[in-house]
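S.K.: This is the structure, below, for whatever I ask next.
The values are calculated or read from the model by the stated rules, or taken from the named source; none is laboratory data. The shown structure was predicted, so the numbers you read here are calculated from the model rather than taken from an experiment. Here the Cβ is made from the backbone with ideal geometry for all residues, glycine too, and neighbour counts use every protein chain on show.
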Amino acid sequence: MNPHPGFLGSLTSGSLWAAAWTTIWLAVVAQLLGLVIGLVMAPLRRSRLAPLRWVSAAYVWFFRGSPELLQILAWYSVLPLVGVDLPVIAVGILGLGVNEGARMTEIVRGALSSVDSGQTDAARVLGLGPWATARWVVLPQAARLIIGPLGNQMNYMFKTTSLVAFIGIVELLRETQQAAQFTNAPLAVYLATATVYLAITSVWGALQRFVEQRVAAGKAAVGPGRVLARRRLSGLIEIPGAHL
Amino acid sequence: MTRTATRTTPDGDFLHVWGSKTFGSGLRVLDDVDLSVPRGSVTVLIGPSGSGKTTLLRAVALLAPLDTGCVLLDGRLHGYREAGDGHRVLPERELVRARLGVGMVFQNFNLFPHRTALQNVMLAPVKTLRRPRAEVEEEARALLRRVGLGDRTDNYPAQLSGGQQQRVAIARALAMRPKVMLFDEPTSALDPEMVHEVLGAMKELAESGMTMLIASHEMGFAREVADRVVFMDGGRIVEQGEPEQFFTGTVGPRVREFLDKIL
Ligand SMILES: Nc1ncnc2c1ncn2[C@@H]1O[C@H](COP(=O)(O)OP(=O)(O)OP(=O)(O)O)[C@@H](O)[C@H]1O
Ligand SMILES: [Mg+2]
């Protein structure tokens, strides 16, 4: 290896970009896992069955209340002991995703509870069962409230993936450590890595703004900001009397 | 004969609700109420805030069932089964189906904000009755025309005035072809100039023969449209009679006092 790769040399190294790719897909998969867990755990919290509520509460309490790195190391060392032999990358996804699930549970829970109970009343009177009510009435409204926080969590996740370096997954941080060991100018290597992280989060940020603008555009016509929207529209809409 | 049968007379009791309900801390919100609504008639519920009007309507709609007693609709137990010498509410799974006979319109409209007027009306017939979409759409458009909103089918609730939203809510409930329509203060969240358009739609519905139970303090409407007025206070039905009675003063002092406040 070149002992003086320099900033540009580091930035154009193939192994750095391979590691960047690992970071990206690891983060996306772990975040998706977290989202799925949140979508399952949050409704449990409102279940009529107390034990299900406890499971959900205990899960959030445990995984939000202990250090994420500790959890990842624990998965890594405990799973083989109980006879579960997963590839290390899967252990990384599990560690990140299960931890993220606790935060997503809280986010989804907040979104669900901000959907007015009148909505479920209306759905039930119309004969919609619990699943149909969730699918057609509650979730579409909660989704708008989840999208923003989900985007922020994704941003965190791109950086949090660096924790799996500790169990030997060669993502951006691990790759950087290895490269820095063999150089006399580690600063250039670190700067190159920081640049890659910034590139990832910046592209993500642009994507996020695009999506949020679209959601907001929809919300102006649709969303819970009914009173505001009505005020804005009241000048435009003529009110025809009842044609009865 | 069971108690149920003796309480079901052919034409007097299209909808019959009787019983009690207590909320958490021992507050008796419905205290031995007994109300029947004949087929095709309009009953207006009045009474001070907290007297139990909403609770009674939600019991009939099977949103918050009674503790004791039951609901009878069209000669059959509605959401309840016989248990010993009383009645027990069905489990939630079975209530989902049972709710279909009763339509309800809420004070705050409760339209689905992410769906257009037409989609609000179509949702339940398509998803719960599984009727063909094209047929449901045609019927939904006709219902929206009927409440005077034929040109608003593609508007979202936020793009409609309160009065328009409430009329969509009426169309949405009618799309399920209910046997009875409940209204919980349908005009009290509306600006005054929009009240008449909603009352107009309700009047047309009454004239079409719909059985209606309405919590409302619109006494002008009650006088014109209602067959009966029922006065509730403290979870009890204190007085009931023809609307004229409530205007000509042949009512008890509590009703008098209440009417003096709202008229
Ligand atoms: N879910 C509930 N838990 C506990 N108490 C309740 C609940 N819902 C209603 N109550 C109480 O029951 C009583 C009757 O309420 P209800 O809403 O039926 O009255 P109302 O006649 O509709 O009044 P308003 O005219 O204000 O709408 C009130 O004292 C109310 O506080
Ligand atoms: Mg009420």
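S.K.: Out of everything in the range B:48-73 that is away from ligand 2 (no atom under 12 Å from the Cβ) and of a type outside the set (A, V, I, L, M), what residue ends up being nearest to the chain's Cα centre (by Cα)?
M.R.: Looking at the filtered set, the residue picked out is B:Pro65.
S.K.: Among the residues of the range B:211-263, write down those that are of a type in the set (Val, Ile, Thr) and surrounded by 14 or more Cβ atoms within 10 Å (Cβ to Cβ). First the steps, then the outcome.
M.R.: Of all residues in the range B:211-263, those of a type in the set (Val, Ile, Thr) come to B:211, B:214, B:225, B:229-230, B:237-238, B:248, B:250-251, B:255, B:262.
Scanning the range B:211-263 gives B:Thr211, B:Ile214, B:Val225, B:Val229, B:Val230, B:Ile237, B:Val238, B:Val251, B:Val255.
S.K.: Now for a separate question. Looking at the range B:217-251 only, could you name the residues that are modelled with pLDDT under 90 and acidic (Asp, Glu)?
M.R.: B:Glu244
S.K.: In the set A:Arg124, A:Arg144, which member is within 14 Å of chain B (Cβ to nearest Cβ), in contact with a Gly (Cβ under 8 Å, 6 or more places away or on another chain) and not in a loop (DSSP other than H, G, I, E, B)? Outline the logic, then answer.
M.R.: Numbers: A:Arg124 fails: in contact with a Gly (Cβ under 8 Å, 6 or more places away or on another chain).
Step by step, each of A:Arg124, A:Arg144 is checked, and only A:Arg144 is within 14 Å of chain B (Cβ to nearest Cβ), in contact with a Gly (Cβ under 8 Å, 6 or more places away or on another chain) and not in a loop (DSSP other than H, G, I, E, B).
S.K.: Out of the residues in the range B:180-195 that are crowded, with 24+ Cβ neighbours inside 10 Å and not in a loop (DSSP other than H, G, I, E, B), which is nearest to the other protein chains (Cβ to nearest Cβ)?
M.R.: Filtering the range B:180-195 for residues that are crowded, with 24+ Cβ neighbours inside 10 Å and not in a loop (DSSP other than H, G, I, E, B), the one nearest to the other protein chains (Cβ to nearest Cβ) comes out as B:Leu182.
S.K.: Restricting to the range A:60-113, count the residues that are farther than 26 Å from A:Val170 by Cα and out of contact with any Leu (no Cβ under 9 Å at 6 or more places or on another chain).
M.R.: 7
S.K.: Additional query: Quick one: in the range B:18-42, which of the residues that are closer than 18 Å to B:Thr211 by Cα and surrounded by 15 or more Cβ atoms within 10 Å (Cβ to Cβ) is farthest from ligand 1 (Cβ to nearest atom)?
M.R.: So the first thing to find is which residues in the range B:18-42 are closer than 18 Å to B:Thr211 by Cα, and the list is B:18, B:34-42.
Okay, now just the ones that are also surrounded by 15 or more Cβ atoms within 10 Å (Cβ to Cβ), so B:18, B:35-39, B:41-42.
Working: B:Trp18: 16, B:Leu35: 14, B:Ser36: 19, B:Val37: 17, B:Pro38: 23, B:Arg39: 25, B:Ser41: 21, B:Val42: 19 Å.
Ranking the qualifying residues of the range B:18-42, first place goes to B:Arg39.
S.K.: Continuing with the same structure: Might you let me know whether the range A:7-22 holds any residue that is free of Cβ contacts under 8 Å to residues at least 40 places away in the same chain, touching a helix residue (DSSP H, G or I) at 6+ places or on another chain (Cβ under 9 Å), β-branched (Val, Ile, Thr) and not in a helix (DSSP H, G or I)?
M.R.: Checking the range A:7-22: at least one residue is free of Cβ contacts under 8 Å to residues at least 40 places away in the same chain, touching a helix residue (DSSP H, G or I) at 6+ places or on another chain (Cβ under 9 Å), β-branched (Val, Ile, Thr) and not in a helix (DSSP H, G or I).
S.K.: A:Val115 fails exactly one of the following numbered conditions: (1) in contact (Cβ under 8 Å) with a residue 24 or more places away in the chain; (2) within 14 Å of another protein chain (Cβ to nearest Cβ); (3) surrounded by fewer than 15 Cβ atoms within 10 Å (Cβ to Cβ). What is the number of that condition?
M.R.: For A:Val115, the exception is condition (3).
S.K.: If you don't mind, another one. I'd like to verify a number: residues in the range B:176-221 that are within 16 Å of ligand 2 (Cβ to nearest atom) and either more than 30 Å from B:Arg97 (Cβ to Cβ) or over 15 Å from the mean Cα position of the chain (by Cα) (or both), how many? Break it down stepwise before answering.
M.R.: So in the range B:176-221, the residues within 16 Å of ligand 2 (Cβ to nearest atom) come out as B:182-190, B:213-218.
If we keep only those that are either more than 30 Å from B:Arg97 (Cβ to Cβ) or over 15 Å from the mean Cα position of the chain (by Cα) (or both) as well, we get B:187-190, B:217-218.
The qualifying residues number 6.
S.K.: Among (1) within 9 Å of ligand 1 (Cβ to nearest atom); (2) aliphatic (A, V, I, L, M); (3) farther than 15 Å from B:Gly234 by Cα, which single condition is B:Leu45 missing?
M.R.: That leaves (3) as the condition not met.
S.K.: Could I ask something else about it? Got at least one residue in the range B:45-56 being buried (at least 23 other Cβ atoms within 10 Å of the Cβ), closer than 21 Å to B:Glu218 by Cα and within 14 Å of another protein chain (Cβ to nearest Cβ)?
M.R.: Within the range B:45-56, not a single residue is buried (at least 23 other Cβ atoms within 10 Å of the Cβ), closer than 21 Å to B:Glu218 by Cα and within 14 Å of another protein chain (Cβ to nearest Cβ).
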